[in-house]
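Here is the structure we will look at.
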Amino acid sequence: MQKEIVLKRIIAKRTLREFWKKHADAEQYLKTWYETAKNSNWTSPNDVKKTYANASILKNERVIFNIKGNSYRLIVKFNYLRQWGFIRFIGTHAEYDKIDADTI
């Protein structure tokens with residue numbers, strides 16, 4: 001029997017908390033994303049797409065998630081082997097347009 005692997009660590013949840021303090025309308029959506037990601041068995045970008053069909057897969061193991069009906073963007077860099085997710089960016093579309101999602 002194959003042991004199920006779940007995302008062991010999401011670094012740093014504090015980034016999400018700080019964001020929803022400024023954008024209260026995002027709080028429940030980010031909490032839901034966090035719990036879903038933490039309890040998922042994502043071993044590849046395809047697994048992420050099975051859970052979040054609207055997620056955009058980038059190079060360098062990065063994924064963009066649309067939060068609150070695409071009001072906000074969340075970029076996470078994954079290490080699928082170690083089952084870690086590193087929050088690289090959370091922001092509005094205007095803020096997102098000012099960054100390079102592949103390198104942030």
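The values are calculated or read from the model by the stated rules, or taken from the named source; none is laboratory data. Since this is a predicted model, take the numbers as computed values, not measurements. Cβ sites come from the backbone with ideal geometry, for glycine too, and all protein chains shown count toward neighbours. Calculation scope for accessible area: heavy atoms of the full protein, side chains included, ligands and nucleic acids excluded. Shrake-Rupley method; radii C 1.70, N 1.55, O 1.52, S 1.80 Å.
If I ask for residues that are in a helix (DSSP H, G or I) and surrounded by 15 or more Cβ atoms within 10 Å (Cβ to Cβ), which ones from the range 9-29 would you list?
Matches in the range 9-29: Thr15, Leu16, Phe19, Trp20, Ala26, Glu27, Tyr29.
Of all residues in the range 43-66, count the ones that are acidic (Asp, Glu) and over 17 Å from Ile87 (Cβ atoms).
Going through the range 43-66 one residue at a time, the tally reaches 1.
Which residue is least open to solvent (accessible area, probe 1.4 Å), if the candidates are limited to the range 74-91 and must be under 25 Å from Lys22 (Cα atoms) and without any contact (Cβ under 8 Å) to a residue 24 or more places away in the chain?
Top of the filtered list is Phe89.
Filter the range 39-60 for residues that are without any contact (Cβ under 8 Å) to a residue 24 or more places away in the chain and in a loop (DSSP other than H, G, I, E, B); which is surrounded by the fewest Cβ atoms within 10 Å (Cβ to Cβ)?
Per the criteria, the residue is Ala53.
For residues that are open to solvent by less than 20 Å² (accessible area, probe 1.4 Å) and touching a residue at least 40 places away in the same chain (Cβ under 8 Å), tally how many sit in the range 61-71.
Qualifying residue count, the range 61-71: 2.
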